[in-house]
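The values are calculated or read from the model by the stated rules, or taken from the named source; none is laboratory data. Computed from a prediction, not measured in an experiment: that's the story for all the values here. Cβ placement follows ideal geometry from the backbone for every residue including glycine, while neighbour counts extend to all protein chains displayed. SASA here: full protein model, heavy atoms, side chains in, ligands and nucleic acids out. Shrake-Rupley method; radii C 1.70, N 1.55, O 1.52, S 1.80 Å.
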Amino acid sequence: MEKVKEKRLFIETYGCQMNFSDSEIVGSIMTEQGYTTTDAAENADVIFINTCSIRDNAEQRIRKRLKEIKRMKKSNPNLKVGILGCMAERLKQQLLDEEEHVDLIVGPDAYRDLPNLIKTVDSGRRAINVLLSEEETYAEIEPVRLGNNSVSAFISIMRGCENFCTYCVVPFTRGKERSRDPETIVNEASDLVTKGYKEVTLLGQNVNSYTWNEDGAEVSFPQLIAKVAAVSPELRVRFATSHPKDISDELIKTIANTQNICNAIHLPFQSGSNAMLKKMNRKYTREWYMERISTIKQYIPDCGLSTDVIAGFCGETEEDHQETLSLMDWVGYDYAFMFKYSERPNTIAQKKFPDDVPEEVKSRRLTEIIDLQQKLSLRSNEQSIGKVVEVLVESTSKRSEADLAGRNDQNKMVVFPRKHYQIGDYVQVKITSCTAATLIGEAL
Ligand code: 5AD
Ligand code: SF4
């Protein structure tokens, strides 16, 4: 009997960690359909692009990539192309109309329908499913791990967001908030430990609003993370992202009291100005945020702190911008994701507030933010010189084959000479020097 030719799927992922986690769920669903994942687009029978809509430049990048894929399809007419994720959800049919070489459009809650959709595409028609769900968490689907190491994995614990920050498209593309059955989360973590993984990151748009009701008893996020940490003392547990309005004392104490929950919190502040925070509908003030940071520092003195910040939101004045800089300086973040405000169609801000900060002012403010963060990161890293940190080795260093790279508890990147150590080892490293981005040391 002639062997059926194996079908190869290439998935390219843009945007947040949640998208990377979703791609692993898609990989799993497609594997069930007889596909194998490949990391070479040229050899693929099917290409999926898992897309991001958070800022206009993310969408522009993807549009460019789609032009390249169009050329690939010219030389290989049997190639099938699917667009997944937030852009699929935001643009729906419009995307099929505009990109005539695309065969398939699938929103983030419709991946279980992929087997049917692929059948439609195989029969020569185009297919679309962008229904959002109030329940879908892909709870029992075992993700195909697409990451490039077998050390660290993502576990999605909830989906969607209902915060409706006025600038943000996510509540429209990812729908209502829903939490995943804690038993399936703990099982996934145990399974990863059995397979040799050493670190998991619990993912959700707003993990602090995780909640699960079982027989009248509530499982909260602090309880969930404690359960995951109890799977193995050898397993590092991280999480992202927290909303400042919901980060509770209970969570902070749980992190402080649990050895293998990493001392690192990503707490986006977006702006240091109360006027901007109000306009952004962030539901907290500068003072509230500072109090939360003080509490974190009180219980977890060596906590790694990172953030997201937006420059040039609607009506932002020079004083508002200075308040952003002064808050950054006060917190002393280790790391930050820094963005220029990008107006998104149909968001509350787009409907209510003019995008009135001139482009060159946005750029200049962003540069000031980046320059400050560079100094803060360097200052924070310099404080580690002379100290010994525990590093979980993730990979060979990008710069040199002779060095290994990994992270410490605070999520700082550490590089050191390889010697006999291997990927997946926990290594005690004495820090001898640093840059703003990396700690450099010697294994003890
Ligand atoms: N423009 C710029 N940055 C944005 N973010 C979300 N929406 C926008 C937007 N319209 C940023 C926020 C958020 C991060 C994921 O992306 O800082 O925390
Ligand atoms: Fe967007 Fe705000 Fe939800 Fe984050 S919390 S995904 S910024 S709406």
Once you have the Kirkwood Rh of region 388-443 from its Cα pairs, apply Stokes-Einstein at 20 °C and 1.002 mPa s and quote D in µm²/s. 201
Over its alpha-carbon atoms, region 113-176 yields an Rg and a Dmax in Å of 15.8, 42
Loop trypsin sites (Lys or Arg not before Pro), region 304-406, which have at most 13 other Cβ atoms in a 10 Å radius of their Cβ (DSSP): LYS387, LYS398, ARG399
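Determine one quarter of the surface area of the Cα convex hull of region 7-129, which equals its mean projected area, and express it in nm² to one decimal.
Numbers: hull surface 26.3 nm².
Over every viewing direction, the Cα hull of region 7-129 projects on average to 6.6 nm².
Before anything else, pin down the relative contact order of region 7-129: Cα pairs under 8 Å, at least 6 apart, normalised by residue count, whole percent.
Computed value for region 7-129: 23 percent relative contact order.
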Remind me, relative contact order of the chain in percent, using alpha carbon pairs under 8 angstrom and six or more residues apart? 10
When only C-alpha pairs under 8 Å and at least 6 residues apart count, what is the relative contact order of region 388-443, in percent? 35
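Which value, in debye to the nearest 20, describes the size of the charge dipole of the chain about its Cα centre when Lys and Arg Cβ atoms bear +1, Asp and Glu Cβ atoms bear -1, and nothing else is charged? Before the final figure, lay out the partial values.
Details: 58 positive and 66 negative charges, 203 e Å.
Result for the chain is approximately 980 debye, rounded to the nearest 20.
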Ranked packing of 425-433, 202-210, most packed first, by mean Cβ within 10 Å: 202-210, 425-433
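Across region 7-129, how many lysine pairs separated by 8 or more positions, or lying on different chains, have Cα atoms within less than 15 Å?
On the way: LYS7/LYS80; LYS7/LYS119; LYS64/LYS73; LYS67/LYS80; LYS70/LYS80; LYS80/LYS119.
For region 7-129, the number of qualifying lysine pairs is 6.
Name the GluC sites (Glu not before Pro) in region 343-444 that are in a loop by DSSP and that have at most 13 other C-beta atoms within 10 Å, would you? Mind showing how you got there, number by number?
Values: sites: GLU343, GLU359, GLU360, GLU368, GLU382, GLU390, GLU394, GLU401, GLU442; in loops: GLU343, GLU401.
Taking region 343-444 and a limit of 13 other Cβ atoms within 10 Å, the loop GluC sites (Glu not before Pro) found are GLU401.
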Which semi-axes, in whole Å and largest first, does the equivalent ellipsoid of region 141-224 have when worked out from the alpha carbon gyration tensor as the square roots of 5 times its eigenvalues? 24, 18, 10
Can you give the translational diffusion coefficient of region 278-355 in µm²/s, computed by Stokes-Einstein from the Kirkwood radius over Cα pairs at 37 °C and 0.692 mPa s? 232
Carbon and sulfur %, accessible surface of the chain computed with the full protein complex present, 1.4 Å: 50
With a 1.4 Å probe and every protein chain left in place, tell me how much accessible area CYS52 has, in Å² to the nearest 10. 20
Unit-weight point scatterers at every alpha-carbon of region 365-409, Debye formula, q = 0.18, 0.26, 0.29 1/Å: log10 I(q)/I(0) is -0.76, -0.93, -0.95
What trypsin sites (Lys or Arg not before Pro) does region 63-162 have in DSSP loop regions with at most 11 other beta carbons within 10 Å? ARG125
When the convex hull of the Cα atoms of region 322-420 is projected onto a plane and the area is averaged over all directions, what value comes out in nm²? 9.5
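Determine, from the Cβ-Cβ distance of LEU378 and GLU6 and an R0 of 56 Å, the FRET efficiency 1/(1 + (r/R0)^6), rounded to the nearest 0.05.
Values: r = 50 Å, r/R0 = 0.88.
Step by step, r from the Cβ atoms, then E = 0.70.
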Total charge of the residues flanking GLY196 in space, meaning their Cβ is under 14 Å from its Cβ, with Lys and Arg +1 and Asp and Glu -1, is -1
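Relative to 2.2 N^0.38 Å, what does the C-alpha radius of gyration of the chain come to as a ratio? Two decimals please. Could the numbers behind the result be given before it?
Details: Rg = 22.5 Å, N = 444, 2.2 N^0.38 = 22.3 Å.
After normalising by residue count via 2.2 N^0.38 Å, the value is 1.01.
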Label-point separation, ASN257 to SER433 (7 Å along Cα→Cβ), nm: 4.4
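Quickly estimate the mean residue ellipticity at 222 nm for the chain, helices only: each DSSP H run with n ≥ 4 gives -39500 (n - 2.57), and the total goes over all residues, rounded to 500. Numbers along the way, then the final one.
On the way: 14 runs with 156 residues, N = 444.
For the chain, the value works out to -10500 deg cm²/dmol.
Could you work out the local net charge near VAL121, counting Lys and Arg as +1, Asp and Glu as -1, over the other residues with Cβ closer than 10 Å to its Cβ? Please list the in-between numbers first.
Working: positive: LYS80, LYS119, ARG125, ARG126; negative: ASP103, ASP122.
Net of charged neighbours comes to +2.
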Cα convex hull of region 77-207 - mean projected area over all directions, nm²: 9.6
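Largest first, what is the accessible-area ranking of GLU89, GLU98 with a 1.4 Å probe?
On the way: GLU89 5, GLU98 85 Å².
Most to least solvent-accessible, the answer reads GLU98, GLU89.
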So, for the chain, what is the accessible surface per residue at a probe of 1.4 Å, expressed in square angstrom? 45
